[in-house]
1. If PRO28 satisfies every condition in (1) surrounded by 10 or more Cβ atoms within 10 Å (Cβ to Cβ); (2) at pLDDT 95 or above; (3) of a type outside the set (Gly, Ala, Ser) but one, which is the exception?
2. So, in the stretch 65-84, exactly how many residues are exposed (fewer than 10 other Cβ atoms within 10 Å of the Cβ) and of a type in the set (A, V, I, L, M, F, W, C)?
Amino acid sequence: KASSAAEGLCKWCHAMDSYDRVAKVVAPKRASLVEAEAAYETVMKGLRAKQAELAEVMTALERLESQLQHSIHEKERLEAEVAL
């Protein structure tokens, strides 16, 4: 019959061996995750910049469409005035 201390030591050694095998699998994945997150952040910065540019362009487009509508109404008013 083995002692309880030897049993505990065996369990600890088995757990450390299991941890080592898992750590060797997980470590490269963690490194890949860090790289992927850095690349993602770079892409997201670019996306946010492009979204800001798009917002500016959309604002300018709305302003131009408003001017177009105003010009169309003015043209119609002047054509009606000339027709009289």
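The values are calculated or read from the model by the stated rules, or taken from the named source; none is laboratory data. Quick caveat, the model's predicted, so the values are computed rather than measured. Heads up, the Cβs are rebuilt from the backbone with ideal geometry, glycines too, and the neighbour counts pull from every protein chain shown.
1. (1)
2. 4
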